[in-house]
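Chemist: Handing you this structure, nothing more for now.
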């Protein structure tokens, strides 16, 4: 597949923090970039202020980036479409895309880390289901938006079943401070990026309860083990989970002060309810719906995921975090 990057137009569907960050990164590389947002009032605010106050405060949006709530205009003459909507809204966004004269020869890149609750499907599966045979890729990794906008060295993975698509997009995204690797394991990359948010919630609960480094190390190592077990059952490559989009993303999300999922867990450990926490958050903590999806998948595939199970019980069944810890620690003895 030979594609010319000259005059390549890029559209980002979603005006959240990560979508805005990628828009800035790609604009700095000289690409014409358009951000589409679903809410006209907020897009108008962004046009006027040029700062994404809700999702990426303090970072200037360059004047050369187009902001629009008109999806037809956003998709006109674009070649790369980056899907940055929350996981539970991806399907509805794609159905809006389908109602437009969307580019069937374009490349669709998911940067959303989550699994749809209703169908238990990954984002790439939803894209294929809604748009048919289009070129699909996934960009994932330990990529805290605030750090990327500050030029802090960061690595990520672009996964595609087609090597030519992966290499082309690698060139699009890569900079001196944003290093991108290629991978052909879309399943593993998507699951690593999604399921690590569950473990981040568990680590946050541990922090909120006042536990220490020993506990977090146990959650990270055993959490990675259960992520890999489910991934293997679903057809992922085992070594993907020891890479950037697996272990790398897991560690970052579990320790970063910017992690929304760790924050949710921390507040739960401090005694807050999920409803109280979410009512005060502007951004979506993807680990919350993903916990339900992963719990359903573990039952479907017959995979033991004890940490995921306990996080599910805490989030959705009002189980006491301390009781969940006790139940994890007193499970039947087994070898590692």
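Chemist: Taking Cα pairs under 8 Å and at least six residues apart, what relative contact order does region 188-329 come out at, in percent?
Modeler: 34
Chemist: Relative contact order, percent, of the chain when contacts are C-alpha pairs under 8 Å separated by at least 6 residues?
Modeler: 15 percent.
Chemist: Related question: Using only alpha carbon positions, build the gyration tensor of the chain, then give the equivalent ellipsoid semi-axes as the square roots of 5 times its eigenvalues, largest first, whole angstrom.
Modeler: Three semi-axes, in Å: 33, 22, 18.
Chemist: Something else now. Tally the DSSP beta bridges in region 10-184 and give the antiparallel ones as a percent, rounded to 5.
Modeler: Numbers: 6 of 31 bridges.
Bridges in region 10-184 that DSSP calls antiparallel: roughly 20 percent.
Chemist: Here's something else I'd like to know. If you count, for each residue, the other Cβ atoms within 10 Å and average over each peptide, how do 188-196, 270-278, 246-254 line up from highest to lowest?
Modeler: 188-196, 246-254, 270-278
Chemist: Now for a separate question. Report the relative contact order of region 10-184, percent, no decimals, based on alpha-carbon pairs under 8 angstrom and at least 6 residues apart.
Modeler: Relative contact order, region 10-184: 19 percent.
Chemist: Taking every pair of alpha-carbon atoms in region 188-329, what share in percent sits in each 5 Å bin, from 0 to the bin with the longest distance?
Modeler: It works out to 2, 11, 23, 26, 20, 13, 5, 1, in whole percents.
Chemist: What is the fewest-to-most order of 130, 332 by other Cβ atoms lying within 10 Å of their Cβ?
Modeler: Lowest to highest Cβ neighbour count: 332, 130.
Chemist: Fully extended, how many nm does the chain gain between residue 304 and residue 179 (0.36 nm per residue separation, minus their Cα-Cα distance)?
Modeler: Roughly 41.5 nm would be gained on extension.
Chemist: Taking the beta-carbon count within 10 Å as an exposure proxy, list 174, 281, 305 from fewest neighbours to most. Kindly include the intermediate steps, with their values, before the conclusion.
Modeler: On the way: 174 16, 281 13, 305 24.
Least crowded to most crowded, the residues run 281, 174, 305.
Chemist: Taking 0.36 nm per residue of sequence separation and subtracting the Cα-Cα distance, how much length would be gained by fully extending the chain between residue 70 and residue 213, in nm to one decimal? Walk me through the numbers before you get to the answer.
Modeler: Details: separation 143, 0.36 × 143 = 51.48 nm, distance 4.83 nm.
Extra length available between residue 70 and residue 213 comes to 46.6 nm.
Chemist: Summing -39500 (n - 2.57) over the DSSP H runs of n ≥ 4 in the chain and dividing by its residue number, what mean residue ellipticity at 222 nm do you reach, to the nearest 500 deg cm²/dmol?
Modeler: Taking each H run of at least 4 residues, the total per residue is -14500 deg cm²/dmol.
Chemist: For the chain, what proportion of DSSP beta bridges, expressed in % and rounded to the nearest 5, is antiparallel? Walk me through the numbers before you get to the answer.
Modeler: Details: 6 of 31 bridges.
Of the beta bridges lying entirely in the chain, close to 20 percent run antiparallel.
Chemist: On to the next question. Return the Rg/Rh ratio of region 115-199 with Cα-based radii and a Kirkwood Rh.
Modeler: 0.99
Chemist: Let me know the Kirkwood hydrodynamic radius for region 1-118, please, with Cα pairs as the basis and the value in Å to one decimal. Spell out each step's value before the answer.
Modeler: Working: mean 1/r = 0.0691 Å⁻¹.
Kirkwood hydrodynamic radius for region 1-118: 14.5 Å.
Chemist: With r defined as the distance between the Cβ atoms of residue 92 and residue 150 and R0 fixed at 45 Å, what FRET efficiency is calculated, to the nearest 0.05?
Modeler: 0.85
Chemist: So how tilted is helix 213-233 from the main axis of the chain? Cα-based, degrees 0 to 90, rounded to 10.
Modeler: Roughly 70 degrees between the two axes.
Chemist: Still on this structure, I have one more. On a 0 to 90° scale, report how tilted helix 306-316 is relative to the longest principal axis of the chain, with both axes built from alpha carbons and the result rounded to the nearest 10.
Modeler: That works out to roughly 80 degrees.
Chemist: Helix 287-301 versus the longest principal axis of the chain: what is the Cα-based angle in degrees, 0 to 90, to the nearest 10?
Modeler: Rounded to the nearest ten degrees, it is 70.
Chemist: While we're here: Can you report the principal axis dimensions of region 87-229 using only the alpha carbons, biggest first, rounded to whole angstrom?
Modeler: Result, largest extent first: 53, 40, 27 Å.
Chemist: Something else now. Using R₀ = 51 Å, calculate the FRET efficiency as 1/(1 + (r/R₀)^6) where r is the Cβ-Cβ separation of residue 319 and residue 39; round to 0.05. Display every interim value, and only then the final one.
Modeler: Values: r = 35 Å, r/R0 = 0.70.
Computed FRET efficiency for residue 319 and residue 39 comes out at 0.90.
FYI, it's all coordinate maths here, none of it is from the lab. The shown structure was predicted, so the numbers you read here are calculated from the model rather than taken from an experiment. Counting neighbours? That spans all protein chains shown, and the Cβs are built from the backbone with ideal geometry, glycine included.
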